[in-house]
Amino acid sequence: MWRIFLKEVNSFLNSLIAYIIIFVFLTGIGMFMWVFPETSVLEYGYADMSTLFSYGPYVFMFLIPAITMRMFSEEKKAGTLEILFTKPLRDWEIILGKYLAGFALVFFSLLPTLLYYYSIYKLGNPEGNLDAAGTTGSYIGLLLLGGVFTSIGILASSITENQVIAFIIAVFLCFIFFTGFNSIASINWWGTYANSIDQLGIIYHYNSMSKGLIDSRNLVYFFSVIGIMLLTTNLILGSRKW
């Protein structure tokens, strides 16, 4: 597993993909937080990082599929996937190695945003007037959301050898899981079932964690979705052997 992980990480670092992804994410979020008047912290005068946690998921919705779209699609197109399966590695080790490599890039793209946290902390009046619990919960929620999006991207990449199609499938599934269930639940057809449908979506659990409430039910939800996506990927790749 770790050989696959290091191979994927080295592949990212030896290309422009990782650097472009991190640059685009930080630049986009930085523009929303500090430049655009409608969302700038400097304009509305509150010491919080809600802009990062509100817009971050939508930026991730496109950037993470761009990271993962090549992971299995490229192997299929190049004909190296079968060679990879002949190595003394279990299928789940290959999948987990690629998944952890993608998630590592997501993690490292978030690290520099701690500078934003420090800046807002210093700008607070009084200094440090910032909801630390809510910010911590939001960071954990954004990391877990990144983990879910990465697992969805891995699944999409295992379906097709076309990277563009893998990207489109991943973006669509990320959108459905993030906000689709919430939109469906808002339709006045479901009655008492509306809340249950809403809880199937990521945004319900993400918003709960953004309040600083690290509930075990939210953690179970995120890890369950990641597990289901990776197990489905394993089934899809396993079916190629028959």
- Query: How many residues does the stretch 120-135 hold that are surrounded by fewer than 14 Cβ atoms within 10 Å (Cβ to Cβ) and in a helix (DSSP H, G or I)?
  - Reply: 3
- Item | Set G97, G147, G102: member being surrounded by 14 or more Cβ atoms within 10 Å (Cβ to Cβ), closer than 22 Å to S15 by Cβ and either of a type in the set (A, V, I, L, M) or within 13 Å of the chain's Cα centre (by Cα) (or both) | G102
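Suppose we keep only residues that are outside any helix (DSSP H, G or I) and of a type in the set (D, E, K, R) within the stretch 13-54. Which one would you say is nearest to S138 (Cα to Cα)?
D48
Any idea which of S11, S50 is surrounded by 15 or more Cβ atoms within 10 Å (Cβ to Cβ), closer than 17 Å to L114 by Cα and either among the small types (G, A, S) or out of contact with any helix residue (DSSP H, G or I) (no Cβ under 8 Å at 6 or more places or on another chain) (or both)?
Unique residue meeting the criteria: S50.
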- Do we find a residue being crowded, with 16+ Cβ neighbours inside 10 Å and under 15 Å from W92 (Cβ atoms) anywhere in the stretch 199-219? no
- Message: Being of a type in the set (K, R) and under 22 Å from the mean Cα position of the chain (by Cα) is the filter here; which residues of the stretch 52-94 pass it?
- Response: R70
- Matching residues in the stretch 55-87 (closer than 16 Å to N162 by Cα and not in a helix (DSSP H, G or I)) number 6
- Kindly state which helices (runs of 4 or more DSSP H) lie completely within the stretch 192-242 and contain at least 1 residues that are in contact with an Asp or Glu (Cβ under 9 Å, 6 or more places away or on another chain). 202-210, 216-239
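Each value in this text was obtained by applying a stated rule to the coordinates, not by laboratory testing. Remember, predicted model here, so these are calculated numbers, not experimental data. Counting neighbours? That spans all protein chains shown, and the Cβs are built from the backbone with ideal geometry, glycine included.
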